[in-house]
Amino acid sequence: MRVLIIEDEELSQQELIFQLEKYPNYKVIQCVDSIEDSLEYLQSNQSIIDLIFMDIALADGTCFEIFKSIEVEKPIIFLTAYNQYALQAFKVNSIDYLLKPLNPVELNQTLIKFEKLNSREVFNYKRLIETFTKESNQRILAQVGDTFQPINFRDILLLKSEDKYVTIHTNSNKEYLINKTLNKLELELSQKYFFRVNRQFIININAIDKISKYLNNRLVISLIFRFDDTIIVSRNRVNSFLLWMGK
């Protein structure tokens, strides 16, 4: 069995390789650590892959961006650390999930399950995406001094990653610093209104004033409010971005 590993944490990647070496029928043929590299590899090599191990949170976003850009036809075992509600979605719509850090016994059980599957079985990865990106009425708390300010997701125009924090720009011209990663927030926001254009920014569709062509087949976004940073849509996200915009 030829295995592709999509995982951005080197220790987790090496541990999985080490464990799979105990199974003579499994051979890791490639490891990638980002959405961009995953798309590039899958577009050219998906036919030779038998099984994919895929982490949810990657260096440049969540793995769901992969499914938006390419039809993944191979069985996937997800690597995750999400709550019970999320885990049930993985259980129903994929081969299985493995919690990190990796448990060798659970890996063995999952591989047994994989080998018993009908080779023609199709998993509903689109439904899995919908589970995590469905519209919600959630709010987030931002700490302001000694108080906490609730922010409705519908009031957020832009999210910018700042090292281990995220700056939120709202429709009331205010900024809040959140102690959460952009990867985690991406899972919580509705894909109907929010899109991650690159590693650094998630944007609300209502914040977009105009879109222009940019260098190397990319796009540049102008906002309805003043913002000094240049916001570029990554080349590998242009097609899915235009579909999201309704073009």
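No value in this document is a laboratory result; all are computed from the given coordinates. Model, not experiment: these values are computed from the prediction. As a convention, Cβ positions derive from the backbone with ideal geometry for all residues, glycine included, and neighbour counts pool all protein chains shown.
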Using only the Cα atoms of segment 139-245, what do you get for the radius of gyration and for Dmax, in Å?
-> 13.7, 46
Are any of the pairs 74/113; 74/164; 180/213 more than 22 Å apart by Cα-Cα distance, and if so, which?
-> 74/164; 180/213
Note, segment 185-200: 3J(HN,Hα) by Karplus (6.51, -1.76, 1.60, θ = phi - 60°), whole Hz, Gly/Pro = x, goes 5, 4, 6, 8, 8, 6, 5, 5, 10, 10, 9, 8, 8, 6, 5, 9
Where does each of 54-67, 163-176 land if you order them by average Cβ count within 10 Å, highest first?
-> 54-67, 163-176
By count of other Cβ within 10 Å, fewest leading, how are 78, 90 ordered?
-> 90, 78
Run the dipole for the chain about the Cα centre, Lys and Arg Cβ at +1, Asp and Glu Cβ at -1, nothing else charged, and hand back the magnitude in debye, nearest 20.
-> 840
Candidates for Cα extents along the principal axes in Å are [x] 60, 42, 33; [y] 64, 37, 32; [z] 58, 44, 29, and the calculated one carries label [z]
Estimated distance in nm for a label pair at residue 222 and residue 46, the labels positioned 7 Å out from Cα along Cα-to-Cβ | 3.7
Multiply the residue gap between residue 206 and residue 2 by 0.36 nm, knock off their C-alpha separation, and tell me the result in nm, one decimal place.
-> 69.1 nm
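Please report the relative contact order for the chain, taking Cα pairs under 8 Å with a sequence separation of at least 6, and give it as a percent rounded to a whole number.
It comes to 13 percent, rounded to a whole number.
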Quickly rank 44-51, 210-217, 236-243 as a protection proxy: mean count of other C-beta atoms within 10 Å, highest first.
-> 236-243, 44-51, 210-217
Of all DSSP beta bridges in the chain, what percent run antiparallel (nearest 5)?
-> 65
